[in-house]
Amino acid sequence: MSSVDMGMPILIVDDYKTMLRIIRNLLKQLGFNNVDEATDGSAALQKLRDKEYHLVISDWNMEPMSGMQLLTEVRADMKLKDLPFIMITAESKTENVIAAKEAGVSNYIVKPFNAATLKTKLSAVLGNF
Amino acid sequence: MAVTAVKEKIVAQLQQLHKTEGSLDPAEVVTIVESVIDSIEGDLTAVGLKVYADIEALARYINTARAEIAELRPDDINSEHLPAATDELTAIVGATEQATHQIFEAVEGIEALTEKMEPEIAEQISAAVTSIFEACGFQDITGQRITKVVTALQQVESKVDALLHAFGDDLKVDAPAKAPGKKKTTPSGAPARPDEDLLNGPQLPENAISQDDIDALFG
């Protein structure tokens, strides 16, 4: 039996509505239905402070606050610092990945990706489901 | 020796030669020529003459280049061509986004119908729907790539602006100059995007690392 709460609140963050919709639908396909959205880091940070989420899936390249800045803010916040945080981005250079890892990202997915990759990374962060 | 004195000396030598009947002594001619060369060394050496010739050639080259650039109508590049290209690319992003969301609407409609289908068929339909969602990621990637191209065009525009300024009014440019690119800052003066240098957008296949390589970095 899965130890993962499929009803856990998840926050997805991306400035492209297309990508938000893709992630939301792929999460739905995987069984996660409790998904909220934000279109940049600062909006996401506000939502994270207003409501308890169990996972953040964020794009990197957003204005005005990027995913990296959001990650830094989350890790610096005593209440949020242990929140699982997955970065989904087209930034696939080694230095980007290392920078994200050093900032405390839980996992990293390169666009374009598929449902199987998303499931693998979610399992790595949350446990098998 | 003062220039006037040299001139007087050379004139005297030439007058003496003019009075000479019969053949000229080559040595006397050499002496006069050397006197002339010596007289110009103080103001302009042989090297100086070469530099002067080079500068003159450079000036001709610049004038030719300016004429050729003027023929290209660089003001049109900035006032028409680049904005048009930027608009076209922006339109592509908008159109593909709109089309993608239309696909989403249709696919979500299909997916909703799976509840009324036999489980086996519903599963197959869901798999196909998932595949369509995955494929629609193209819009996000192409959008980011086109945005990179638009940024490159804007840089070209600012270079053309700089060129127009360098050549001045001779090119009959009406377009106002753009300020050079400046990093955005917050009201406190801190960089708005401290990770700006890391942002390169989607990498070309030959420059990108794979998901497996990234996974390896995470141990």
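The values are calculated or read from the model by the stated rules, or taken from the named source; none is laboratory data. Here the structure is a predicted model, which means the values were calculated and not measured. Cβ sites come from the backbone with ideal geometry, for glycine too, and all protein chains shown count toward neighbours.
Out of the residues in the stretch A:1-56 meeting the condition of being of a type in the set (Gly, Ala, Ser) and within 13 Å of chain B (Cβ to nearest Cβ), tell me which one is farthest from the chain's Cα centre (by Cα).
A:31
Residue B:137 fails exactly one of the following numbered conditions: (1) more than 8 Å from chain A (Cβ to nearest Cβ); (2) surrounded by 11 or more Cβ atoms within 10 Å (Cβ to Cβ). What is the number of that condition?
It fails just one condition, (1).
Take the stretch B:189-209 and flag every residue that is within 7 Å of chain A (Cβ to nearest Cβ), free of Cβ contacts under 8 Å to residues at least 60 places away in the same chain and under 26 Å from residue B:139 (Cβ atoms).
B:193, B:195, B:198, B:199, B:200, B:201, B:203, B:208, B:209
Within the stretch A:57-72, is there a residue that is away from every other protein chain (no Cβ under 11 Å) and more than 24 Å from residue B:203 (Cα to Cα)?
No, the stretch A:57-72 contains no residue that is away from every other protein chain (no Cβ under 11 Å) and more than 24 Å from residue B:203 (Cα to Cα).
When the residues of the stretch A:1-21 are narrowed to those that are of a type in the set (Val, Ile, Thr) and at pLDDT 95 or above, which ends up surrounded by the fewest Cβ atoms within 10 Å (Cβ to Cβ)?
A:10
Just to be sure before I move on: is residue A:74 part of a loop (DSSP other than H, G, I, E, B), modelled with pLDDT of 95 or more and surrounded by 15 or more Cβ atoms within 10 Å (Cβ to Cβ) in the structure I sent?
no
Which of the residues belonging to the stretch B:74-104 are under 30 Å from residue A:22 (Cα atoms) and either outside any helix (DSSP H, G or I) or of a type in the set (A, V, I, L, M) (or both)?
Within the stretch B:74-104, B:85, B:89, B:91, B:92, B:93, B:95, B:99, B:103 qualify.
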